[in-house]
Amino acid sequence: MKYIIEHMEPEFSEWVVLEYTQIIKDVGKENLVLTSLPANTTEKDIPQQLLDLGLQWTTQECIQIDNGLDHSRVCLLDPAAETDLVPNDQQKFDYFVFGGILGSHPRIDRTGLLRDKYGFSGRRLGELQMTTDTAVRTTQRIVDKQVKFEDIKFIDYPEIKFNRYESTEMPFRYILDDTNTPILPKGMLKLIENDCDKGIDDF
Ligand SMILES: C[S@@+](CC[C@H](N)C(=O)[O-])C[C@H]1O[C@@H](n2cnc3c(N)ncnc32)[C@H](O)[C@@H]1O
């Protein structure tokens with residue numbers, strides 16, 4: 001099973017680097033390709049942290065990798081798809097494509113650019129927006145680990161408490177770990193804390 005992220009952000013922001021780092025660790029560097037980087041990209045444009053983890057990247061579009069993909073074996077993870085991803089989709093697809101897009105609230109349909117451009121079969125992961133790393137993690141649970149979507153424990157729009165009076169809501173759905181804590185990339189809470197210029201007491 002191969003996971004492809006079509007990079008659609010103008011730069012490698014800290015948020016993007018933390019998400020991609022976590023995805024490489026989750027699925028393994030041999031199973032992930034970052035595609036559609038700008039034509040003039042060279043290795044020095046890729047964050048060292050990602051190179052050190054063995055990130056495979058290319059300026060080619062996803063459809064061109066591995067000597068050209070068989071269109072019928074590629075699935076676009078698409079929040080607007082009419083069909084939800086199920087474990088049996090493991091038989092139908094070899095490649096799963098995600099938008100390397102930072103979420104926005106309210107949601108803007110940038111995944112639609114990929115939908116229109118490639119016309120791959122689309123699958124949805126429920127009706128709520130996930131971060132890219134959560135979408136990859138959820139897909140991995142469903143197709144690699146054969147867990148049904150309804151058997152995965154999620155939390156919607158978790159609240160991060162900074163102190164007794166202040167908090168912020170993350171406008172995404174996250175997977176919960178065994179201790180019922182939302183799974184975020186390592187370092188993400190610290191980044192949110194810095195962005196908000198506040199201290200986080202708890203989640
Ligand atoms: C942060 S989301 C992008 C949301 C963005 N506002 C959009 O829809 O264009 C990044 C990627 O994760 C995947 N994703 C997130 N939530 C999803 C869902 N509920 N169903 C299917 N794919 C999802 C999609 O591949 C999407 O391009």
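The values are calculated or read from the model by the stated rules, or taken from the named source; none is laboratory data. Bear in mind the structure is a predicted one, so any value in this text is a computation, not a measurement. Quick reminder, even Gly has a Cβ in these numbers, built from the backbone with ideal geometry, and neighbours come from all protein chains shown. These area figures cover heavy atoms from the full protein model, side chains too; ligands, DNA and RNA do not enter into them. Shrake-Rupley method; radii C 1.70, N 1.55, O 1.52, S 1.80 Å.
A 18 angstrom limit on the alpha carbon distance is what I want to check against. Which of 29/92; 44/186; 161/190; 2/92; 92/148 exceed it?
29/92; 44/186
More than 23 angstrom separation, counting every C-alpha pair in the range 92-184; what % is that?
31
For the chain, what ratio Rg/Rh do Cα atoms give with a Kirkwood hydrodynamic radius?
With Rg and the Kirkwood Rh in hand, the quotient comes to 0.96.
Under the rule of -39500 (n - 2.57) per DSSP H run of 4 or more residues, summed and divided by the residues of the chain, what mean residue ellipticity at 222 nm is obtained, to the nearest 500 deg cm²/dmol?
Computed mean residue ellipticity for the chain: -6500 deg cm²/dmol.
Exactly which chymotrypsin sites (Phe, Trp or Tyr not before Pro) in the range 102-197 are in a DSSP loop and have at most 16 other Cβ atoms within 10 Å?
165
Under the definition of Cα pairs under 8 Å and six or more residues apart, what whole-number percent is the relative contact order of the range 2-146?
Rounded, it is 30 percent for the range 2-146.
Starting from 0.36 nm per residue, how many nanometres of slack lie between residue 178 and residue 45 once their C-alpha separation is accounted for?
44.2 nm
Quick one: accessible area per residue over the range 2-146, 1.4 Å probe, rounded to a whole number of Å²?
47
Which percentage, to the nearest 5, of the DSSP beta bridges contained in the chain is antiparallel?
30
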